[in-house]
Amino acid sequence: MSSRIVADRILINGRIWCGLNDGHCEALAIWQGKVLATGSDTDILALKGPDTEVVDLEGRFASPGLIDNHLHLIATGLTMGMVDVTAAAAPTLEAMLSGIAARAAQTPKGEWVLARGYDQVKLDTGVHPTRSDLDRAAPDHPVLVTRACGHIAIANSKALEMAGVSESTPTPDGGVIGMTGNRLNGLLAENAMGLVRSAIPGVPVERLVDAIEMGGKLLLSLGITSTMDAAVGQVGGLSEIRAYELAKLTDRLPIRVWLTLLGDPGKSIVEDCWKVGLVSGAGDDMLRVGAVKIFLDGSAGGRTAWMTEPYEDEPENFGVQMLPDEQVYSLVQDYHDKGYALACHAIGDGAIEQLITAYEKALAASPDPERRHRIEHCGYSSDAQNLRMKAAGILPAPQQAFVYDFGDSYVSVLGQERGARSYPIGTWMEMGLRPSTGSDSPVCSPNPFPNLYTMVTRRTWKGTLLSESERLSREQALQVFTEFGAYSQKAEGVKGRLVPGQWADIAVFSQDLIEAAPEVLRDDTQCVLTLLAGRIVHDAR
């Protein structure tokens, strides 16, 4: 290292975890946004110049910035303006209806009231709200309440009327329209949700940029410096690409984003992006086109994930197959041949089987051992499927927050044995499959601490233990949240570890993530300082 190089910023007096195979250090030097050197306070202070800023970590624990492998950044920002009907905000049906009624009272009649986040298993009633429930809360407003998973929504009568949905409306392929007797009950699942969502006014680009900025700042406050937006085009079509570019140009893109383009038939933005060269790898380390996503099934807690065995409490129900095999094989081959990595939604073993087969066919026809196709969620892969993933270089991209938030629901709908096997991250680690993790926000909160807690304990929010053998060590859990998140984006050479030459994306925490008791990790840990490319972007000291 040239003695003429002096650091722009130096962190001292910390317990800095650099990576699973990179150990700890006391101090770190930053130059031109990247890690210059790591070592002792004495070693690193030798790189101090007259203009170097020195930050005393006061003994705190620091790690590479966390990488949320799968969330919806625009939806996260937009949800921050919706009625919060998560279990924390609305534990009872009446609390949910009160929140909706309060928002309706502030909203002109005829305008939409949108809510998000309920889980019927956590409601006092134990069942989904109904159209009639929502009518009680807001008879003069169209209301749409989306379940936490994002795969089920409940509409009130006004919303159904404005969308033109009636008892005679044909059920779309890959969708469910709920009926009680011969009357709509308001429940819409998977592709049927689009019937009502199409009646909601579009979101202008300016508001999309606001959502990117709001959601990104929230993530920085949690120590998350990189993410994947998991279905770009789902809210605003191609205008979401414009919003991201505008956010970047106007310095309103707070975090690094890996864009996954929506590729579903009839909703795809892939063709338009491909025509202008927006293929996997296009962009820079702040904003890059990553992959293409197709939805192949629904959610396990909503009983719409496509399983090869029926749901325990509904013996005729195997979930929802969104697309026929040949169409999936054709779409995957086309996107693969266009140069895209794929990151497709598959939770149940039926959907995973369909997707692995599609990936195997595409890779056989056009080999690329470093394409790194991903299976998003990958909740119920079999041992045989895991071996095929390993052989083909396919990456599982689970969200361990699901185990924390929804693990009890999985046991409820699948039974103890199948529920306990949900999202087998320990198995994937042992096999060398490099699993990453995330939140799928706004499905789950992007708060990383319950996610870390459940990786090391395999316990749900209620304390239920799901398959103790799938636990990770603390350092493995951090590797999943950092290095393997980078690997899943083909970015392990530039981020995910604190080593010379990588981006100085750093999170500093109030607790030691390696040593703190699990409950302290979950309940009493905050991010106190976040750096992105060596700049302080969040400071709660």
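The values are calculated or read from the model by the stated rules, or taken from the named source; none is laboratory data. Small disclaimer: the values here were computed from a predicted structure and weren't measured. All Cβ positions, even for glycine, are placed from backbone atoms using ideal geometry, and neighbour counts span all protein chains on display. Side chains are part of the model used for accessible areas, which takes the heavy atoms of the whole protein and leaves out ligands, DNA and RNA. Shrake-Rupley method; radii C 1.70, N 1.55, O 1.52, S 1.80 Å.
What to note about this one:
- Among the residues of the stretch 1-39, those that are among the β-branched types (Val, Ile, Thr) and outside any loop (DSSP other than H, G, I, E, B) comprise Ile10, Ile12, Ile16, Ile30, Val35, Thr38.
- All positions within the stretch 195-208 that are touching a residue at least 12 places away in the same chain (Cβ under 8 Å) and open to solvent by 10 Å² or more (accessible area, probe 1.4 Å): Leu195, Arg197, Ser198, Ala199, Ile200, Pro201, Gly202, Val203, Val205, Arg207
- Number of the condition not met by Ala89 [criteria: (1) open to solvent by 10 Å² or more (accessible area, probe 1.4 Å); (2) of a type in the set (A, V, I, L, M); (3) under 30 Å from Arg15 (Cβ atoms)]: (3)
- Scanning the stretch 445-453 finds one or more residues that are at pLDDT below 95 and assigned to a loop (DSSP other than H, G, I, E, B).
- Looking only at residues of the stretch 1-54 that are under 25 Å from Ile67 (Cα atoms), of a type in the set (Gly, Ala, Ser) and more than 31 Å from the chain's Cα centre (by Cα), we find that the one that is surrounded by the most Cβ atoms within 10 Å (Cβ to Cβ) is Ala29.
- Single match in Glu515, Glu492 (criterion: surrounded by fewer than 24 Cβ atoms within 10 Å (Cβ to Cβ), of a type outside the set (Val, Ile, Thr) and in contact with a strand residue (DSSP E or B) (Cβ under 9 Å, 6 or more places away or on another chain)): Glu515
- Residues within the stretch 463-489 that are touching a Lys or Arg at 6+ places or on another chain (Cβ under 9 Å), among the charged types (D, E, K, R) and open to solvent by 30 Å² or more (accessible area, probe 1.4 Å), tallied: 3
- Failed condition for Ser439, given (1) modelled with pLDDT of 95 or more; (2) open to solvent by 10 Å² or more (accessible area, probe 1.4 Å): (2)
- Unique match (being under 20 Å from Ile200 (Cβ atoms) and hydroxyl-bearing (Ser, Thr, Tyr)) among Ser239, Ser280, Ser299: Ser239
- Any hit, the stretch 338-360, residues being over 25 Å from Gly319 (Cα atoms) and more than 23 Å from the chain's Cα centre (by Cα): yes
- Boolean, Ala101 is on the phi < 0 side of the Ramachandran plot, in contact with a helix residue (DSSP H, G or I) (Cβ under 6 Å, 6 or more places away or on another chain) and surrounded by fewer than 22 Cβ atoms within 10 Å (Cβ to Cβ): yes
- Matching residues, the stretch 454-485, being hydroxyl-bearing (Ser, Thr, Tyr) and in a loop (DSSP other than H, G, I, E, B): Thr460, Thr464, Ser467, Ser473, Thr482
- The combined condition, being surrounded by fewer than 22 Cβ atoms within 10 Å (Cβ to Cβ) and without any contact (Cβ under 8 Å) to a residue 12 or more places away in the chain, is not fulfilled by Gly59.
- Residue within the stretch 386-397 that is open to solvent by less than 10 Å² (accessible area, probe 1.4 Å) and assigned to a helix (DSSP H, G or I) present: yes
- Answer from Glu245, Glu240, Glu213 - the residue that is open to solvent by less than 10 Å² (accessible area, probe 1.4 Å) and not in a loop (DSSP other than H, G, I, E, B): Glu240
- Test: residue in the stretch 408-431 that is part of a strand (DSSP E or B), in contact with a strand residue (DSSP E or B) (Cβ under 7 Å, 6 or more places away or on another chain), open to solvent by less than 30 Å² (accessible area, probe 1.4 Å) and within 22 Å of Thr460 (Cβ to Cβ): no
- Every condition in (1) part of a loop (DSSP other than H, G, I, E, B); (2) open to solvent by 20 Å² or more (accessible area, probe 1.4 Å) is met by Arg136 except one, and the failing one is (1).
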